1. Roughly how many whole Å is it from the C-alpha centroid of the stretch 181-207 to that of the stretch 239-270?
2. Counting only protein heavy atoms and a 1.4 Å probe, tell me what percentage of the chain's accessible area is made up of carbon and sulfur.
3. With θ set to phi - 60°, apply the Karplus curve 6.51 cos²θ - 1.76 cosθ + 1.60 along the stretch 82-98 and write out the HN-Hα couplings as whole Hz, x wherever there is a Gly or Pro.
4. Could you work out the helix-only [θ] at 222 nm for the chain, with each DSSP H run of four or more residues adding -39,500 (n - 2.57) and the total divided by the number of residues, to the nearest 500 deg cm²/dmol?
5. Output needed for the chain: three equivalent-ellipsoid semi-axes, defined as square roots of 5 times the C-alpha gyration tensor eigenvalues, in descending order, whole Å.
6. Multiply the residue gap between residue 276 and residue 145 by 0.36 nm, knock off their C-alpha separation, and tell me the result in nm, one decimal place.
7. Arrange the peptides 303-310, 195-202, 322-329 so that the one whose residues have, on average, the most other Cβ atoms within 10 Å appears first.
8. Where nothing but the Cβ of Lys and Arg (+1) and of Asp and Glu (-1) is charged, how large is the charge dipole of the chain around its Cα centre, in debye to the nearest 20?
Amino acid sequence: MPSWQHGNAAACPAVGPDMKRIGFLSFGHWGPGQGSRTRTAGEALLQGIELAVAAEELGIDGAFFRVHHFARQQASPFPLLAAIAARTSRIEMGTGVIDMRYENPLYMAEEAAATDLISAGRLQLGISRGSPEPARNGAAAFGFSPETGETDADMARRHTEQFRQAIGGGGVAEADPRYAGGATGLLPVQPQSPGLTERIWWGAGSRKTAVWAAGLGMNLMSSTLLTEDTGVPFDQLQAEQIQLFRDAWAAAGHSHQPRVSVSRSVLPIVDEEDNRYFAGSALRDSRDQVGIIDGLTARFGKSYVGAPDVLAEQLAADAAVQAADTLLLTVPNQLGVDFNAKMLGNIARHVAPAIGWSRSVS
């Protein structure tokens, strides 16, 4: 039977709590800055596809992209993810994260299901309330404003509920029997992609939101910052967030296993090119930082920069990396495909095995 006839059930195997995956996370920057190899939006998109293809060949498990509006970054993920799906056969592709304030939930449900069907069930969608954007009231320009008494976060969660109901096959529009073959009642959006509901991740910026996501059965995507600070190192605070998420998941009694990802900036220095780009940040970004974001105190995790053997030891001691099943590696996408493929290859060979990862094969 041709592989395309197997459907989603034969796609990616389940990920157990002791299985480690690594993926890259691209912010999709483009612009005419000095040294940029993504000077246009087209170059950034096409190179995103090529990097995903190269990553799959290296045995990397995932290709993820940030979504930002009104900026020279990736903004419309589904064409990019569908193109990656058509060029690859094993690697997961996804987002980290889609800002749900900006989304039409039903149109997004159609786009997501179609992309997932093209990929044979490899789509992993990270969604959230979103982070500060360049535009003031940008979601309103897209046609979305909070209802009376709602906050922006409330609106994002309302859109999320509508989106999840739609991808789960819930009826959303009254059938017209004249044009629906005599059908009555509520019609679901089409297409539907079975299993997609279990591959939605919530980008949680705090312990409280992680518990909320667990209660709803969404996977946890935790970034390089948390909008709270208890004085403990970032990796320990994030590990606490992960444990609270897992405890809430167990208490909710969901039938499927949760996924948890954390993001890290890991920059091995193995040659003069690496040294030229990253040696200066090895001291500057080697410790946690505390600052203010969106009016909230936030703790930012450190970057891992240096010799591969040193990074391997440091990541093996990172409590949150060890607690998660998936590590997303932020990549400097404006340095181009060749450089980032080299960097991912060095991480795969010399760093990732220290956290329990082993190379996937197609």
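The values are calculated or read from the model by the stated rules, or taken from the named source; none is laboratory data. Small disclaimer: the values here were computed from a predicted structure and weren't measured. Every residue, glycine among them, receives a Cβ derived from its backbone with ideal geometry; neighbour counts consider all protein chains shown. With ligands, DNA and RNA removed, areas are computed over all heavy atoms of the protein, side chains included. Shrake-Rupley method; radii C 1.70, N 1.55, O 1.52, S 1.80 Å.
1. So the separation of the two Cα centres works out to 22 Å.
2. Ligands and nucleic acids excluded, carbon and sulfur give 53 percent.
3. Going residue by residue, I get 5, 5, 5, 4, 6, 9, 10, 10, 10, 5, 6, 9, x, 10, x, 9, 8 Hz, with x marking Gly and Pro.
4. -11500 deg cm²/dmol
5. Over the Cα atoms of the chain, the semi-axes work out to 33, 24, 21 Å.
6. Working it through step by step, the gained length comes to 42.6 nm.
7. 322-329, 195-202, 303-310
8. Result for the chain is approximately 160 debye, rounded to the nearest 20.
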